[in-house]
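Everything below concerns the one structure shown next.
The values are calculated or read from the model by the stated rules, or taken from the named source; none is laboratory data. Only a predicted model underlies this, so the values are computations on that prediction, with no experimental measurement involved. Methodologically, a virtual Cβ is constructed for each residue, glycine included, from the backbone with ideal geometry; neighbour enumeration extends over all protein chains shown.
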Amino acid sequence: MNKTTKYALVIPTFENNIGYKLAAIDTYLKELPKNVDIFFVYGGKVDEVNKVFRNGVEFYDVYCNTPDRIEVLHKKLFYFFKKFKKQLLEYDYIVKVDDDAFIMNVDAFTTSKFSGDYIGNKVDINDKNEEQLRSKLNHLKNYKVRDKYTGDLPSNFCSGEFVIFSNKSLQVLLSYNGGLKRKNYGLEDIFIGDILTQNDIKITINKVFNIEHPVTEPNFYKLYTTHYEKVVEKV
């Protein structure tokens, strides 16, 4: 009998992004197969885990004792990985998804087989995009980081709206004790990519999951109607 692949769907979010969270719960998250567990990850509070049911969806609200600001999202993720490593290592894959991303084919969690340790949309850093990536938060008025990142960059990484880490990659991230954990820049996907590629974890291009990003709250419902409701009606 084949072992069922288990996934932890990790969605870092913020209290003031509740609209995105509810839109996700009321749309594509309703269609997730049973081999996928959902974790909404917050910062700004003492460590706490709450099991929640809404609209037929079971998920976990996880609070981490870290600042809850976009420019230090990587600190929240590293803390979450370390604090809950015992539970996370029970999964075959950790799937990190932005709260404003929409997965258009969640059935792939059961119908598709794939391999790889670091899977997503590969971004090559080159002379044309390096300055833009270093200044990722500078021109966004809601963020407080105004200085560009001047440290080392990897040659490539997986963009953070949807990225999959194997158990092997998770253990690499758990064992990392370098300075990237302490940087105050919102470059969590670049930092994680740097750590993994420096440890010879190769990128596998995502050819299985179809992702829309960024998505406004109303468009969650439009995408759901297009990609899911017609399928449900045929059942």
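Miscellaneous remarks
- Elements of type helices (runs of 4 or more DSSP H) in the stretch 146-227, at least 3 residues being within 15 Å of the chain's Cα centre (by Cα): 167-175, 188-198
- Here LYS181 does not fit the description of being basic (Lys, Arg), surrounded by 15 or more Cβ atoms within 10 Å (Cβ to Cβ), closer than 26 Å to GLU31 by Cβ and touching a helix residue (DSSP H, G or I) at 6+ places or on another chain (Cβ under 8 Å).
- Residue in the stretch 16-47 that is modelled with the lowest pLDDT, counting only those that are over 20 Å from TYR221 (Cα atoms) and in contact with a strand residue (DSSP E or B) (Cβ under 6 Å, 6 or more places away or on another chain): LYS45
- Residue that is nearest to LEU22 (Cα to Cα), among those in the stretch 84-109 that are part of a helix (DSSP H, G or I) and in contact with a strand residue (DSSP E or B) (Cβ under 9 Å, 6 or more places away or on another chain): PHE109
- Here the condition is being aromatic (Phe, Trp, Tyr), in contact (Cβ under 8 Å) with a residue 24 or more places away in the chain and part of a loop (DSSP other than H, G, I, E, B); of PHE81, PHE114, it holds for PHE114 alone.
- Answer residue from the stretch 193-214, given it is out of contact with any Leu (no Cβ under 7 Å at 6 or more places or on another chain) and among the β-branched types (Val, Ile, Thr) and is surrounded by the most Cβ atoms within 10 Å (Cβ to Cβ) among those: ILE203
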